[in-house]
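Below: the structure, in structure tokens.
The values are calculated or read from the model by the stated rules, or taken from the named source; none is laboratory data. Just so it is clear, the model here is predicted, and its values are computed rather than measured. With ideal geometry, Cβ positions are generated from the backbone for all residues, glycine too; neighbour counts draw on all protein chains shown. With ligands, DNA and RNA removed, areas are computed over all heavy atoms of the protein, side chains included. Shrake-Rupley method; radii C 1.70, N 1.55, O 1.52, S 1.80 Å.
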Amino acid sequence: MRVAIEKKAPKPKTCRNPACRGSFVPQRLGQAVCSPKCALATVEVQKAREKKTLAQAGRRDIKARKEALKSRSDHMREAQQAFNEYIRTRDQAAGHLCISSGKPLDWSGNAVDAGHYRSVGSAPHLRFDERNCHAQSKHDNRFLSGNAVDYRIGLIARIGQEAVDALESDQSVRKYTVDEIKAIKASYREKTRELKRTAA
Ligand SMILES: [Zn+2]
């Protein structure tokens, strides 16, 4: 009597090619795709994925190297931009007029500066002082040299005589490390985002 040798039927598998996902019965050990066509397709997908990963790593690397090459003044410029952007966002949200001319500000284009009362050049220690910086028309800031006389009048109305006196007599010296400058930039970016979120 012959003993029937029962060959265990291989279990069907799902093709690994994402575009196929067909069911197939493996003919070989470890067969993961249903056909040579799908084998080729998965190799292409894998290659594309590796290329993308390499490109991402490259971009990360370039970004890290650029960051490492930044000078102290690069960091300072970025922090100042972040601070100024916050000042504009703050004053736009509050509906303020130009601090010096008292005229409505045109927020539609690129006509509003963050104007420092005591300039960054002559009073660098007040460059990140929120009392010292307000939304101002580009016209006043750039073509009227800040329009200091009217700025002072507007500033007293905005923050009060006492605060203006404090600003005017402030001769303190502030030294920032690069890490502190970076922290200032990050904090003002966050403050701007927060303000835009709540204003929207
Ligand atoms: Zn397939």
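Residues that are more than 30 Å from SER145 (Cα to Cα), more than 16 Å from the ligand (Cβ to nearest atom) and either open to solvent by less than 80 Å² (accessible area, probe 1.4 Å) or in a helix (DSSP H, G or I) (or both) occur in the range 33-48; there is at least one. Quick check, is VAL164 open to solvent by 40 Å² or more (accessible area, probe 1.4 Å), β-branched (Val, Ile, Thr) and in contact (Cβ under 8 Å) with a residue 12 or more places away in the chain? So VAL164 fails the test.
Could you check LEU69 against (1) open to solvent by 100 Å² or more (accessible area, probe 1.4 Å); (2) within 16 Å of the ligand (Cβ to nearest atom) and say which number it fails? Every listed condition holds for LEU69 apart from (2).
The residues listed here are GLY30, GLY102; of these, the one that is over 23 Å from the mean Cα position of the chain (by Cα), surrounded by fewer than 16 Cβ atoms within 10 Å (Cβ to Cβ) and within 16 Å of the ligand (Cβ to nearest atom) is GLY30.
Residue-by-condition table, conditions (1) open to solvent by 50 Å² or more (accessible area, probe 1.4 Å); (2) touching a residue at least 60 places away in the same chain (Cβ under 8 Å); (3) among the aromatic types (Phe, Trp, Tyr):
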residue: ALA123; (1), (2), (3): no, no, no
residue: GLN136; (1), (2), (3): no, no, no
residue: LEU155; (1), (2), (3): no, no, no
residue: SER169; (1), (2), (3): yes, no, no
residue: ARG174; (1), (2), (3): yes, no, no
residue: ASP179; (1), (2), (3): yes, no, no
residue: LYS191; (1), (2), (3): yes, yes, no
residue: LYS196; (1), (2), (3): yes, yes, no
